[in-house]
Structure formats: C-alpha cells, structure tokens
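A.B. asks: So that we are looking at the same thing, I have put the structure below in structure tokens.
The values are calculated or read from the model by the stated rules, or taken from the named source; none is laboratory data. None of the values given here were measured: they were computed from a predicted structure. Don't worry about glycine lacking a Cβ; one is built from the backbone with ideal geometry, like all the others, and counts go over all protein chains shown. The accessibility values were calculated without ligands, DNA or RNA, using every heavy atom of the protein model including side chains. Shrake-Rupley method; radii C 1.70, N 1.55, O 1.52, S 1.80 Å.
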Amino acid sequence: MQGEPRLGAIAQMLISNNVHFENNCAILSINGYPQPIFDTVMKMLRRNPGLTVFAFQDC
C-alpha cells in the first residue's frame, strides 16, 4: 500500500499534542500504533459497542 509507512502519522501527531488527555479518549492507528496499548483498547471497544469512534484520514 502506497501510504502504509504513514499510517501512524496522524495518531502520532494527535498523541504528541496531548489530544488524548484533553479529550479523555484513546487514539489508535489502523496499523496498531501505539503498540503497547492497541490490543487493550481494541478489547475495550469490543466490550463497549456504545462507545463513539472517529476515523481520520489524511488525503
């Protein structure tokens, strides 16, 4: 995939700017960034189908 190396770029930028702290939310990329919490957050999302999920794309 052409943009694959940049898949975590948006998540990395949002995390670097503390968006997750300011908005009390988790930030993940489609390729598993940040790796240390990805699986835990995905399990949480599966257990709580009512949580809101936003998808961002750079285009």
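A.B. asks: How many residues are assigned to a helix (DSSP H, G or I) and of a type outside the set (Val, Ile, Thr) if we restrict to region 16-51? Step through it out loud before you land on a result.
C.D. replies: Within region 16-51, the first condition is being assigned to a helix (DSSP H, G or I), and the residues that meet it are 16, 19-22, 35-47.
Filter once more, keeping what is of a type outside the set (Val, Ile, Thr): 16, 20-22, 35-36, 38-39, 42-47.
Counting residues in region 16-51 that are assigned to a helix (DSSP H, G or I) and of a type outside the set (Val, Ile, Thr) gives 14.
A.B. asks: I need every pair where a residue in region 28-42 that is closer than 17 Å to residue 54 by Cβ and free of Cβ contacts under 8 Å to residues at least 40 places away in the same chain has its Cβ under 6 Å from the Cβ of a residue that is small (Gly, Ala, Ser) and open to solvent by 50 Å² or more (accessible area, probe 1.4 Å), sequence separation at least 6 or different chains.
C.D. replies: Matching pairs, first to second residue: 41/26.
A.B. asks: Here is a follow-up. Go through the residues of region 6-15 one by one and say whether even a single one is in contact with a Ser or Thr (Cβ under 7 Å, 6 or more places away or on another chain), open to solvent by less than 80 Å² (accessible area, probe 1.4 Å) and in a loop (DSSP other than H, G, I, E, B).
C.D. replies: Checked region 6-15: at least one residue is in contact with a Ser or Thr (Cβ under 7 Å, 6 or more places away or on another chain), open to solvent by less than 80 Å² (accessible area, probe 1.4 Å) and in a loop (DSSP other than H, G, I, E, B).
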